[in-house]
1. Modelled label-to-label distance, residue 33 and residue 121, 7 Å Cα→beta-carbon offset: nm?
2. Would you order 38, 50 from fewest to most other beta-carbon atoms within 10 Å of each residue's own beta-carbon?
3. Based on the alpha-carbon gyration tensor of the range 28-136, what equivalent-ellipsoid semi-axes (square roots of 5 times the eigenvalues) come out, in whole Å, largest first?
4. Which residue fluctuates most in the GNM of the chain (Cα springs below 10 Å): 141, 97, 117?
5. Work out the FRET efficiency for residue 55 and residue 109 from their Cβ-Cβ distance, taking R0 = 25 Å, and round it to the nearest 0.05.
6. When a footprinting reagent is the concern and you count Cβ atoms within 10 Å, what order do 22, 123 take, fewest first?
7. Per DSSP H run of n ≥ 4, the term is -39500 (n - 2.57); total these for the chain, divide by its residue number, and report the mean residue ellipticity at 222 nm rounded to 500 deg cm²/dmol.
8. Over the chain, what is the relative contact order in whole percent, taking alpha-carbon pairs under 8 Å and six or more residues apart?
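Derivation of every value follows stated rules applied to the coordinates shown; laboratory data play no part. All figures in this text were calculated on a predicted structure; none of them were measured in a lab. Positions of Cβ are generated from backbone atoms using ideal geometry, with glycine treated the same way; all protein chains shown enter the neighbour counts.
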Ligand code: QAP
Ligand code: CO
């Protein structure tokens, strides 16, 4: 297994649109294992391949308290089933240290492939529904900071750029 580098906002590579996975093969499963290791090491609950600079439609998640419920979403598709939306204070491993409230649909269905390439469908609610929408956004080059005001986004960008400069 291996820890992967997580890209951080405002890295332009986070704006790449990921391509569908055509075959769920051993190379995909190795990537999934490394993404889980990377996400767990960073105390995250969700990680999209885009964030580790792999531009394929792959997401790993685990919203359990004790990192025991790994979820895999390959080529995920979200359908909105109702008009209700709710706010949630979102964070992101690619925007470390910042949390902002984002409104998203609460009634959704997710169609995806599992780590064996088998299709499945779920109707998640609560944090799971928030997280899968947040992760699907990554595969489309979108970040939660795109939903907040430009002022707040610029403030976050400047603070992270300063941290990145200090690290260089
Ligand atoms: C996406 O985010 C998410 O700032 C997953 O310093 C988050 O795993 C969806 C993290 C919240 C819905 C609600 C963030 C870790 C992890 C940080 C994450 C940090 C350390 C974020
Ligand atoms: Co994120």
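1. Here the answer is 3.3 nm between the modelled labels.
2. Ranking 38, 50 by Cβ neighbours within 10 Å, fewest first, gives 38, 50.
3. 21, 18, 12
4. Comparing 141, 97, 117 in the GNM, the peak value goes to 97.
5. For residue 55 and residue 109, the calculated efficiency is 0.50.
6. By the 10 Å Cβ count, ascending, the order reads 22, 123.
7. Rounded to the nearest 500, the figure is -9500 deg cm²/dmol.
8. So the answer I get is 24 percent.
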